[in-house]
Amino acid sequence: MTQVAPPSVRGFATRLREALASGPYASLNKSLLARVSVFAPSLVSSLLIARLVLVHFGATQYATYTLALALIAIYPLNDVGVGAPIISSMAADGEVSESVNRQALTAARLFGASTVALCGAVFLVAMFGVWHDVVGNIGMGSFIGLSFCGVFYALSFVPSLSQSLLLGGHKNHVSMILQGVQSLLSLFAVISILLLKGRGDLVPAIPGFTLLIVNLIGVWLSGRLLRFNWGSLMARLARPKRFPGLSIRTYSLPMLIITTVLPLAWQSDRLVLSHILNTQAVVNYSITFQIFTPIIALAVAAAQPLWPVYAAQRAGKGSAPNVAKLVGIFTLSAAVVGSILVICTPYLAALISGNRAHVGLELPLCAMFMTVAVAAHYPLGVYLTDRKGLRYQAICCTVALPINVSLSIWLSKTVGPAGPLLGTAIAFSLCQLIPYFVYLRAESQPSR
């Protein structure tokens, strides 16, 4: 005889299922589920790439590969703040409206200019042979891959608009899956170079190439899921007088500062190490960072979908989770997982590198501090995405940059490869996490 659950239990289960599938947590849950589903494949892909490149091509090529990733993060020309107004407008309008189309047109024209500028810069750097001055003490012979990476990265700018459209249309889980696809594509590219007996100095081109492929897939998906007309956008792109765009300066200017300064503040560590220390320091740091990166990726996956949720709340179109509670959840989760990784990292690093990297406990411990600080700040960052909040974030990020870089340089000389991670944790806490909380508290106080 089949037993029927008591009404109270059945009712609770129904309410829980409805809460997870709708309301302010719906897009967050979808993004988290998508990130969790690609978590293991992405982590395994990253670690296998490290193993294959280190064993078959050497520490220099792996260091250059990780520096290519860092350079893409440090110079986020595929954002420059233009995605913010699109996300906010999509969330407020609930569809691809005329204002969204015109904002996307303006953004695409800015991206076109960024593409031309970066391709020109890569050409000049390659022609005059000054890559070594850019990347520091990592040896020679890898710079053809960096040049190709720069060109592929530049070509991905306009297609990267698809990520903002998907986020604004509450389809951020699709972007999360695409990030997992990018990791698998990178692994496939490394294996292909090995099987075809290709040149090792092509490995640094992989990050830019896979980013371009993933953004092109995003173009197709955003067209299918959101009915965004990419053909019309491209047809109007070169005719600004006939098809004027819409000003995005109010949102894009502070976001330009944030997306330029923030990566410089906490992604410049490998460049600092490559100039101050040596290739081995970059390898040790990079492997440790790769192991802790999934925690940050999960924090991003959980926080990003909240941007349009808070934007819709400000427009009077729904409710949103309590941001202070979210900060507590993010902090505790990052601390628990990070503590486990601190213990595992020395063994994982030795396994991944074939005993070529010995990180000890100092590096993973500082990586945990950095990860907790970064994860805790994300809910506050997506909450402060109105015009006033973005301006406040831009000021905090600008203050954080010189402090972070100075600490990273000083601590690299005194502490070693763990120094930049500790410097980032300190700068994030002092210049962003605490000021954001102060702003939140001041905003929540009733005006007298």
Inset, instruction - Calculate the spin-label point distance for residue 443 paired with residue 239, positioning each point 7 Å from the Cα along the beta-carbon direction, and give it in nanometres. - result: 4.1
Inset, instruction - Quick one: of 171/241; 241/388; 171/388, which pairs are farther than 30 Å apart, Cα to Cα? - result: 171/241; 241/388
Legend entry - Ranked by how many other beta carbons lie within 10 Å on average, peptides 398-410, 327-339, 100-112 from highest: 100-112, 398-410, 327-339
Inset, instruction - Convert each backbone phi in the range 382-387 into a coupling constant with the Karplus relation 6.51 cos²θ - 1.76 cosθ + 1.60 (shift: θ = phi - 60°), then list the ³J(HN,Hα) values in order as whole Hz, x for Gly and Pro. - result: 6, 6, 8, 10, 7, 4
Inset, instruction - Tell me the label-point distance for the pair residue 253, residue 325, using the 7 Å Cα-to-Cβ offset, in nm and rounded to one decimal. - result: 3.7
Legend entry - Difference of contour (0.36 nm per residue) and Cα-Cα distance, residue 133 to residue 434: 104.7 nm
Inset, instruction - Just name one of 321, 431, 416: the one whose Cα is farthest towards the positive end of the charge dipole of the range 298-448 (beta-carbon charges, Lys/Arg +1, Asp/Glu -1). - result: 321
Inset, instruction - May I have the pair-distance distribution P(r) for the range 273-429, computed from all Cα-Cα distances with 10 Å bins from 0 and rounded to whole percent? - result: 11, 34, 32, 17, 6, 1
Legend entry - Projected label distance in nm at residue 391 and residue 97, using a 7 Å step from Cα toward the beta-carbon: 2.3
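Rule-based calculations on the coordinates, nothing more; no lab input. What you see is a predicted model; the values in this text were computed from it and never measured. Neighbour counts are summed over all protein chains in view; Cβ atoms, including those assigned to glycine, are modelled from backbone coordinates with ideal geometry.
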